[in-house]
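Following: one structure in structure tokens, then a few remarks.
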Amino acid sequence: MRNINVLNDYFMRYLFAKEGHERILKNLINSVRANYNQELFEEVKVLNTFNLKETVTDKQSIVDVRAVTKSGETVLIEIQRVGNQSFVYRSLYYWAKGYVANLRNNEKYNDLKQVIVINILDFNLLKGIDKEHSCYVIKEIETNHILTNHFEMHFLELQKYLESNSSLKDELYAWFYFLTLKEKQIKMEEIMEILVKKNPIMKEVYDEYNKFANTKDLFENYEEYEKKYFDILALSEERRLGIEEGIVKGREEGIKEGIKEGIKETQISMAKNMKNDKVDLNTISKYTGLSIEEIEKL
């Protein structure tokens with residue numbers, strides 16, 4: 001069986017946003033919320049369904065998966081393989097855009113519904129926090145009184161999960177294990193029986209993984225997406241974010257030095273991910289601006 005990088009955006013959209021895969025999507029959402037003892041959803045519907053012919057250039061300022069629950073809550077899911085601190089503001093922007101979209105003409109503010117954002121990240125974002133799953137809401141600082149449940153933002157940091165050596169304790173951690181298979185260098189079939197015991201939905205996930213890997217059109221699109229990912233997404237988006245982060249740092253440490261540090265941090269993040277994806281060193285150097293020697297030390 002072909003092995004694929006499950007964090008590839010094309011595969012992620014196939015798995016979670018394809019019509020007929022609602023059970024898989026609902027299980028991911030409920031597994032995330034159950035980890036914080038939050039209410040589970042009975043039904044979800046994808047609003048931006050997967051299209052076989054979509055390409056990497058189609059992904060611009062839209063989230064990977066946008067869904068709505070039976071009771072009207074919006075759920076946004078974003079998968080990001082490289083990034084830096086500016087991703088926090090990007091995620092807030094997606095939440096705000098989703099929240100505003102809830103209010104239609106002639107509706108009242110009371111008609112606004114909860115928007116839940118789930119970010120799946122293959123890089124460490126939240127500094128000073130070691131746990132792999134964090135959830136943010138709006139609350140009063142001293143009393144911890146929650147103002148409203150309309151804002152809910154989750155961060156699943158895969159690298160922190162790998163560093164923690166957490167056990168397969170519940171359904172969410174079956175998802176953590178699945179999403180980090182490439183890092184663990186374990187083949188899907190070798191671990192699937194254990195994952196299914198912790199989370200039965202993994203049987204459907206495994207079947208869809210096999211179907212995807214063995215369908216010619218899907219796999220060819222996956223390969224094309226993977227090949228162009230760093231060129232189109234990382235270079236345009238992450239270099240811009242690196243400059244923005246550099247400007248923020250520059251306010252405290254000097255504009256010129258701050259920009260340089262922000263860009264360097266992004267270059268290293270990109271290079272590490274490209275190296276993990278077995279991209280040759282010359283190509284990594286071309287796209288990141290790092291020397292061969294610097295890349296070899298990562």
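The values are calculated or read from the model by the stated rules, or taken from the named source; none is laboratory data. What you see is a predicted model; the values in this text were computed from it and never measured. Using ideal geometry, Cβ is built from the backbone for each residue, glycine included, and neighbour counts are taken over all protein chains shown. Remember, those area values only see protein heavy atoms, side chains included, never the ligands or the DNA or RNA. Shrake-Rupley method; radii C 1.70, N 1.55, O 1.52, S 1.80 Å.
Some notes on this structure:
- Scanning region 89-117 for residues that are under 21 Å from F176 (Cβ atoms) and β-branched (V, I, T) returns I116, V117.
- A single member of G20, G72, G98 is on the phi > 0 side of the Ramachandran plot and touching a Lys or Arg at 6+ places or on another chain (Cβ under 9 Å), and it is G72.
- Residue check for F16: assigned to a loop (DSSP other than H, G, I, E, B), at pLDDT 95 or above, open to solvent by less than 70 Å² (accessible area, probe 1.4 Å) and of a type in the set (F, W, Y): no
- Residues in region 194-214 that are part of a loop (DSSP other than H, G, I, E, B) and open to solvent by less than 50 Å² (accessible area, probe 1.4 Å): N199, I201.
- Which numbered condition Y229 misses (of (1) in a helix (DSSP H, G or I); (2) open to solvent by 30 Å² or more (accessible area, probe 1.4 Å); (3) modelled with pLDDT under 90): (2)
- Among the residues listed as L147, L181, the single one being open to solvent by less than 20 Å² (accessible area, probe 1.4 Å) and out of contact with any Asp or Glu (no Cβ under 6 Å at 6 or more places or on another chain): L181
- The single condition among (1) in contact with a helix residue (DSSP H, G or I) (Cβ under 7 Å, 6 or more places away or on another chain); (2) open to solvent by 80 Å² or more (accessible area, probe 1.4 Å) that E142 does not satisfy is (1).
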